[in-house]
1. Which order results if 423, 384 are arranged by neighbouring Cβ count within 10 Å, fewest first?
2. When the chain is fully extended, how far beyond the present Cα-Cα distance does residue 287 get from residue 415, taking 0.36 nm per residue of separation?
3. Which FRET efficiency value, to the nearest 0.05, do you get for residue 248 and residue 44 by plugging their Cβ-Cβ distance into 1/(1 + (r/R0)^6) with R0 = 41 Å?
4. Per-residue ellipticity at 222 nm for the chain, helices alone: DSSP H runs ≥ 4 residues times -39500 (n - 2.57), over residue total, nearest 500 deg cm²/dmol?
5. Compute the label zone of residue 367 within region 249-282: residues whose backbone N is under 19 Å from the point 7 Å along Cα-to-Cβ.
6. Quick one: length gained pulling residue 386 to residue 406 fully straight, 0.36 nm per residue minus the C-alpha distance?
7. If you average the C-alpha positions of region 384-417 and of region 77-148 separately, how far apart do those two centres end up, in angstrom?
8. Any chance you could get the radius of gyration and Dmax over the Cα atoms of region 91-215, in Å?
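What follows draws every value from the coordinates through simple rules; no lab data is involved. Owing to the predicted nature of the structure, the values given are computational and were not obtained by experimental measurement. Cβ sites come from the backbone with ideal geometry, for glycine too, and all protein chains shown count toward neighbours.
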């Protein structure tokens, strides 16, 4: 059976599933206290979602593409609960059955709109892309500078979740339709070992903070990476974050990010940039606990990794098409994105100085990538994605998505088979999302 026919059948099956899911979907509240009870604030919500898909990959004539298989794909299969156990205290748990691992598990004390305290395992407040739950993403995967199971390990230290605590809040008028500025902040301290790890093997911590200014008020649907909510007035957000950690390669990862977004009448535009310097800790690194007694305090002379620069960026634009008739329930969204990652650009091994975006093949200390899937020194990569989302109703959590990804490498790779400049690794990716 031709590949196009197989994809068409998969597309039709997923569409039928979404239609069925749309007809039966509802908020699931399994328990709520009687209004007259002293515990009237208690409740329990069941949450969950599935993301099955189908991926078709181009074959590389030179056989250098590490992933050339066309396959069905279960991106995520998660279920969990969200419960209010007291007037101020919330509990959240989410489990991913695809990797048999706890994703979220935390307590949150919501004292005021301006002050919340969260303790447990949850998403690290740094990158914009990690501020959205996976069920609320617009594209089938996150920006290319974040790790993705099986397909890439780029900037592997940027794990989405960790164990720790965080302060957060919003300052300003957050009432619906308000158009005055609102400042949102997050600041956390984590183990730095990734999700599921409960031991601090390097006796150091990960620190992360992020601020975002909603210059024209908090938008409707702020939790989603789109403007399916069709904000009637422009909503603009600008944000920045900082990050510091000692990773499992004995590198002090210190970096920052900046991003911005616009939502208005179905239009969503967003851009981001992330920058890291990795290597031996000194100065501020020692103050933060990454001194000589840890692996991050040992430079190249002690067998540690040399200093290098890592960076990435993304720019995307989306548009939810107008509804053609007033009674139309479903919506279509067009998507386009450019993203890029430069995982390892050397600092000058002779002078010890680093350019802002690092050096290239002529820089002393440059190492040519030995593999397209090297976790530490993969080639610089950029990607262009075009996509389409179909929503049976007005929920971001119920959709059928089609993405076409053009992947290109901007660095040569040298291995036992020779030197290669790029591979054919374009991807067609269908995915259904169905959430409670």
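1. 384, 423
2. 42.0 nm
3. Efficiency, rounded to the nearest 0.05: 0.65.
4. -2000 deg cm²/dmol
5. Label zone hits: 249-254, 276-281.
6. Gain on extension, residue 386 to residue 406, equals 6.3 nm.
7. Rounded to whole Å, the Cα centres lie 23 Å apart.
8. According to the Cα coordinates of region 91-215, Rg and Dmax are 15.6, 48 Å.
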